[in-house]
Amino acid sequence: MEFFRKTLDPIIALAILAVLNIFMFLLMGAWTVGGGETMMTGLAAQAVLGEDINRLPFWNIVFPPRWDYWKIYISLGMLFGAFVGAVLSKEFYWRVPRHLSEWVLITIGGLLMGFGIRLAYICNVSTFFGLMPEMNMGGYLAMSGILAGAWVGSLIYKKILEG
């Protein structure tokens, strides 16, 4: 598995991603608002709540859980591909936060990301692979916000863990 141990030329990697992105868009449409993750959450909630999930308008009217929603499999494919790549490159390891403050920060960060993609009505993956290659100004503004948020978040995280 020497292929996974060396760095791929960024130009070649981006060209491959661009071609795959074009085919995916032509075959299935655009990624939107964390749809796969939202549907997986709905299916998990349905498994726990059963028919009571129909009392919640979001899951009953807006986004009824179903297994044939294609974006679930795109999300699972990305997760599986990242896992396989990390294992084959021998860079996979489990990291478990040691302090309660880390768990709190991770939870708050995840909730903020979830609210952010709902408010923006687009996810970071589709911003990067959809809007930016189209030279869409909204994509560049969104990515600027994502980078600024990651930078500020990392400073806060570092300050809390060191202090």
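No value in this document is a laboratory result; all are computed from the given coordinates. What you are looking at is a predicted structure, and each value in this text was computed from that prediction instead of being measured. Cβ atoms come from the backbone with ideal geometry, glycine included; neighbour counts cover every protein chain shown.
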TODO: With θ set to phi - 60°, apply the Karplus curve 6.51 cos²θ - 1.76 cosθ + 1.60 along the range 58-71 and write out the HN-Hα couplings as whole Hz, x wherever there is a Gly or Pro.
DONE: 4, 7, 8, 9, 6, 9, x, x, 8, 6, 8, 6, 5, 5
Open item on the list: Could you tell me the center-to-center distance, by alpha carbons, between the range 28-95 and the range 101-163 in angstrom?
Closed with: 19
- [ ] Counting other Cβ atoms within 10 Å, keep those with at most 12, restrict to DSSP loop, and tell me which chymotrypsin sites (Phe, Trp or Tyr not before Pro) in the range 65-137 are left.
- [x] 67, 92, 93, 94, 121
Task: Within the chain, longest stretch clear of exposed GluC sites (Glu not before Pro) (DSSP loop, no more than 13 other Cβ within 10 Å) - done: 1-90
Open item on the list: I'm spelling it out carefully: the read-out is Rg and Dmax of the Cα atoms in Å, the candidates are (i) 17.1, 52; (ii) 18.5, 53; (iii) 17.4, 62, and one was derived from this structure. Which label?
Closed with: (ii)
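Go ahead and estimate [θ] at 222 nm for the chain from helices alone: -39,500 (n - 2.57) per DSSP H run with n ≥ 4, summed, over the residue count, rounded to 500.
-21000 deg cm²/dmol
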